[in-house]
Amino acid sequence: MKRQTTLLQAVIVLGGFLALAFLCNQSGIEIHLALFAAWFLAMAVGKRNGFSYQEMEHAVTKGIYDGMSAILILLAVGALVGTWISGGIVPSLIYYGLKVIHPSIFLLATLILCSITSIATGTSWGTVGTSGIAMMGIGSALGIPAPITAGAVLSGAYFGDKLSPLSDSCVLSAAMADIDVIDHVRGILPVSLSAFGITGIAFTVLGFRLGGGSADMTQVNSVMAALQENFHISLFAFVPMLVVIILLILKIPSLPVISFGAGLGIVWGIIFQGLTPVKAISTAWVQLEMNTGIEFIDSLLSRGGMNSMLWSVAIIILGLGFGGLLDRIGIIKAIAGKVYQHINNGGTLTVFTIIVGFLGCLLGSAMYVSLVLTPKIMAEKYDEMGYSRRVLSRNAEIGGTLTAGMIPWSDNGIYMATILGVATFEYLPYMWLSFSCIALAIIFGFTGLFMWKNKNAV
């Protein structure tokens, strides 16, 4: 005889998981182990409530199976990033982005360049570690305060990270909401573009106030020279990116499109970069280590490949399994029932989703914790109120991805502060894209704008 999971039991499991995640983060232990340990904490509660081990193991494997498409896409994304770097595609994007740099438009150019890099690569961390580092150095040479430059870098990086179909957070949000990644992109696009416009105007105004004088462009020129020295820079590098974007817009499935894009990167590496076929193909798995003596270029050259995605793949597998288990033993239902009592319209639904997402980052110390838990907790309410899962995935990503860099002890907060050399609370006031997205999502929620309903909804 199975017993219904109580709210107290749900709090014990989720609280235990979040505590484990926090301890792992503080101790330098990978969060994967917290997720894995949480499986057995949840199983202990499930066993007490009458579920057999076989039932719970099936729930874990079913959860993983349901998200397998996301895992396959991530591996393809890793191959694409690796071949696009070795093929000179990403370096060319950065090079031509740097060409537009001028003191008065530096902040806007930083926003745009980091956005392009993030969309092309699908990673905020990679963007900050490559384009972001370059822009911080350039900003310093131009006399722009570091926290402001960091805000522009992060605004651009997170824009692509939550919008690009190549992003692991984008893929995970879609997978946990049980929708296609392209549907997720369509859902978040109105908020993202509107927020990007607001953010762009704000950084343009601030840039004209700060960058009116002459500036030393030595660093810009040195980075561009280094890119030219190590890559064949060409406008043809934009072709693979445009092909991939067009194919995705035409609703061709993501996996073959991204894999095809990786293939184009291999071709570009052979034709334009002079790589041997073996080397070009090998970058689909792991990027070739280079030692040019230039830190920025070495960092850029060493990224990408399927191998680089294994960390994310592992955490997604564990997260999907945990989510499937929580759903099967009734923990999701117990938590959701309490939260649902305070939701009566699209506005409150949006607010609570974002709050749940933020708390996942705050207590779990990782964006992935939030992206795993939030859709699971909130999905039933969206279905009950007739809202499309696109709205769910959008709000979950806004609450989870865009707030992750605001928390000093989260994985994102630690990484961004370390790489950029700016404390979290110093760049926080300038994360204008994040604040704009949160505000717009709430406004849309209360006004009903872009709050799509299911076709069979009343």
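Within region 424-434, the residues that satisfy the criterion of being surrounded by 20 or more Cβ atoms within 10 Å (Cβ to Cβ) and either in contact with a Cys (Cβ under 7 Å, 6 or more places away or on another chain) or not β-branched (Val, Ile, Thr) (or both) are Tyr427, Leu428, Tyr430, Met431, Trp432, Leu433, Ser434.
Taking every residue in region 435-452 that is closer than 20 Å to Gly200 by Cβ and touching a residue at least 40 places away in the same chain (Cβ under 8 Å) and pairing it with any residue that is assigned to a loop (DSSP other than H, G, I, E, B) and among the hydrophobic types (A, V, I, L, M, F, W, C), at least 6 positions away or on another chain, the pairs with Cβ-Cβ distances below 7 Å are Phe444/Phe450; Phe444/Met451.
Is it fair to say Arg209 is in contact (Cβ under 8 Å) with a residue 40 or more places away in the chain, among the basic types (Lys, Arg), farther than 25 Å from Gly304 by Cβ and assigned by TED's automatic domain parsing to the domain that holds Ala120? No; evaluated as a whole, the condition is false for this residue. Restricted to region 190-245, and to residues that are at pLDDT 85 or above and polar (S, T, N, Q), which residue is nearest to Leu264 (Cα to Cα)? The qualifying residue nearest to Leu264 (Cα to Cα) is Ser234. Can you pull out every residue in region 150-186 that is closer than 24 Å to Gly421 by Cβ and free of Cβ contacts under 8 Å to residues at least 60 places away in the same chain? Those that are closer than 24 Å to Gly421 by Cβ and free of Cβ contacts under 8 Å to residues at least 60 places away in the same chain: Ala157, Gly160.
The residues of region 296-317 that are at pLDDT 75 or above and either touching a strand residue (DSSP E or B) at 6+ places or on another chain (Cβ under 9 Å) or among the aliphatic types (A, V, I, L, M) (or both), listed by number, are Met306, Met309, Leu310, Val313, Ala314, Ile315, Ile316, Ile317.
As for region 426-448, it holds at least one residue that is out of contact with any His (no Cβ under 6 Å at 6 or more places or on another chain), among the polar types (S, T, N, Q) and over 17 Å from Met367 (Cα atoms).
The residues of region 54-103 that are β-branched (Val, Ile, Thr), at pLDDT below 85 and over 23 Å from the mean Cα position of the chain (by Cα), listed by number, are Val100, Ile101.
Residues of region 239-248 that are surrounded by fewer than 16 Cβ atoms within 10 Å (Cβ to Cβ) and touching a helix residue (DSSP H, G or I) at 6+ places or on another chain (Cβ under 7 Å): Val243 alone.
Just to be sure before I move on: is Leu392 modelled with pLDDT of 90 or more, under 19 Å from Asp183 (Cα atoms), buried (at least 24 other Cβ atoms within 10 Å of the Cβ) and of a type outside the set (D, E, K, R) in the structure I sent? It is true that Leu392 is modelled with pLDDT of 90 or more, under 19 Å from Asp183 (Cα atoms), buried (at least 24 other Cβ atoms within 10 Å of the Cβ) and of a type outside the set (D, E, K, R). Checking each residue in region 3-29 for being outside any helix (DSSP H, G or I) and either closer than 16 Å to Leu325 by Cα or modelled with pLDDT of 85 or more (or both) picks out Arg3, Gln4, Thr5, Thr6, Ile29. Applying the criterion of at least 2 residues that are within 23 Å of Leu449 (Cβ to Cβ) and touching a helix residue (DSSP H, G or I) at 6+ places or on another chain (Cβ under 8 Å) to the helices (runs of 4 or more DSSP H) found wholly in region 94-200 leaves 146-163, 168-176.
A single member of Leu420, Leu449, Leu402, Leu371 is among the aliphatic types (A, V, I, L, M) and surrounded by fewer than 18 Cβ atoms within 10 Å (Cβ to Cβ), and it is Leu449. May I ask you to list pairs of residues, at least six apart or on different chains, whose Cβ atoms are under 8 Å apart, with the first in region 95-107 being more than 11 Å from Ile138 (Cα to Cα) and assigned by TED's automatic domain parsing to the domain that holds Leu142 and the second being part of a helix (DSSP H, G or I) and polar (S, T, N, Q)? Every condition considered, the pairs that remain are Tyr95/Gln228; Gly97/Thr117; Gly97/Ser131; Ile105/Thr204.
The values are calculated or read from the model by the stated rules, or taken from the named source; none is laboratory data. What you are looking at is a predicted structure, and each value in this text was computed from that prediction instead of being measured. Reconstructed Cβ throughout: ideal geometry from the backbone, glycine too, with neighbour counts over all protein chains shown.
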